[in-house]
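Asker: What follows is a structure written as structure tokens; I'll ask about it next.
The values are calculated or read from the model by the stated rules, or taken from the named source; none is laboratory data. Keep in mind it's a predicted model, so treat the numbers as computed, not measured. For neighbour counting, all protein chains shown are included, and Cβ atoms are generated from backbone atoms with ideal geometry for every residue, glycine included. Remember, those area values only see protein heavy atoms, side chains included, never the ligands or the DNA or RNA. Shrake-Rupley method; radii C 1.70, N 1.55, O 1.52, S 1.80 Å.
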Amino acid sequence: MNIIEAIRTRKSIRDFTADPVPQHILTKIIEVASRAPSAENSQPWEFTIVAGDILDTIRKANIEKLKSKAPPHPDLPAKGLPRDSAYRRRQIEIAKQLFHLMDIPRGDLKKRDRWMALGFQYFNAPAAIVISMDHSLYYPRPIFDIGSVTQNICLAALHYGLGTCIANQGIAYPEVLHEFAKIPESKRIVISIAIGYPNWDFPANKVVSKREPVEDITTWVGFKP
Ligand SMILES: Cc1cc2nc3c(=O)[nH]c(=O)nc-3n(C[C@H](O)[C@H](O)[C@H](O)COP(=O)(O)O)c2cc1C
């Protein structure tokens, strides 16, 4: 797969087969993904890769928090998208696409809750990559670098037939990851990535998210007509 094809093919995968991801493949993915650029080559990323019983314990603990209505409090401050904005319009659009594929009617709160819970369980992936950074690093600049390495992981995963979903939901309760994944308190937990072999029969995995046309997102300066 060439680079352009990989970038075009990558999509969020929200259900996986039960097949475990071999540790040596995850090692190769991290090794190549960490070729990502970073400011001053600071390489602010740290990876905690969780699988097996411990991942199941984390899933359960996240769901307990969610059910108890504990407000999510990720280390990265989060806020809803501005009302009546293009950003919010795009968010609604992808949600509608996913709900349609998953046959979740707007008013079906039970189905919606069940759907939302999936992200807090890393979409039942056999492994989750949690990326953190040291609290000593001036924040938020390293987030830029961690974005690069995150995309690299998602692209490299394709080479091994793996699918990924980047998930804010998986880091909504950092204390769960500190406790069970043994991520030290001195680390800021930035993002999680569910990773595994895609279940292509899962309706939401058929989604193709939309993008704006180049002319709507680009300003050309100094080019001859
Ligand atoms: C920083 C970040 C956090 C995300 N968190 C979630 C999440 O918690 N749950 C989820 O279902 N998708 C999550 N996504 C996936 C986005 O919804 C997805 O990338 C977007 O809708 C575009 O779809 P695509 O990845 O299939 O191209 C996240 C993506 C990013 C970049």
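Asker: Which number in (1) of a type in the set (S, T, N, Q); (2) near the ligand (Cβ under 9 Å from one of its atoms); (3) over 25 Å from Arg112 (Cβ atoms) marks the one condition that Ser192 misses?
Answerer: The one condition Ser192 does not meet is (3).
Asker: Of all residues in segment 193-225, which are assigned to a helix (DSSP H, G or I), hydrophobic (A, V, I, L, M, F, W, C) and open to solvent by 20 Å² or more (accessible area, probe 1.4 Å)?
Answerer: Val214, Ile217
Asker: Can you tell me which of (1) touching a Lys or Arg at 6+ places or on another chain (Cβ under 9 Å); (2) exposed (fewer than 12 other Cβ atoms within 10 Å of the Cβ); (3) closer than 14 Å to Ile129 by Cβ is the one Glu46 doesn't meet?
Answerer: So the condition that Glu46 fails would be (2).
Asker: Does segment 171-192 contain at least one residue that is on the phi < 0 side of the Ramachandran plot, in contact with a Gly (Cβ under 6 Å, 6 or more places away or on another chain), part of a helix (DSSP H, G or I) and buried (at least 19 other Cβ atoms within 10 Å of the Cβ)?
Answerer: Taking every residue of segment 171-192 in turn, none turns out to be on the phi < 0 side of the Ramachandran plot, in contact with a Gly (Cβ under 6 Å, 6 or more places away or on another chain), part of a helix (DSSP H, G or I) and buried (at least 19 other Cβ atoms within 10 Å of the Cβ).
Asker: I'd like to check which helices (runs of 4 or more DSSP H) are fully inside segment 1-105 and have at least 2 residues that are modelled with pLDDT of 95 or more and closer than 18 Å to Gly196 by Cα.
Answerer: 3-9, 23-33, 52-67
Asker: List, please: which pairs have Cβ atoms under 6 Å, are six or more places apart or on different chains, and start with a residue in segment 155-179 that is closer than 22 Å to Lys67 by Cα and end with one that is open to solvent by 40 Å² or more (accessible area, probe 1.4 Å) and in a helix (DSSP H, G or I)?
Answerer: Tyr173/Lys65
Asker: Filter segment 139-170 for residues that are at pLDDT 95 or above, part of a loop (DSSP other than H, G, I, E, B) and away from the ligand (no atom under 12 Å from the Cβ) and give the result.
Answerer: The answer is Tyr160, Gly161, Leu162.
Asker: I would also like to ask the following. Only one of these is over 17 Å from Cys154 (Cβ atoms) and in contact with a Gly (Cβ under 9 Å, 6 or more places away or on another chain): Ile58, Ile54, Ile63. Name it.
Answerer: Ile58
Asker: Looking at Arg112, is it without any contact (Cβ under 8 Å) to a residue 24 or more places away in the chain, over 25 Å from Glu185 (Cα atoms) and away from the ligand (no atom under 14 Å from the Cβ)?
Answerer: No, not satisfied.
Asker: Right, here's the next one. Looking at Lys96, is it out of contact with any helix residue (DSSP H, G or I) (no Cβ under 8 Å at 6 or more places or on another chain), surrounded by 11 or more Cβ atoms within 10 Å (Cβ to Cβ) and closer than 30 Å to Glu179 by Cβ?
Answerer: no
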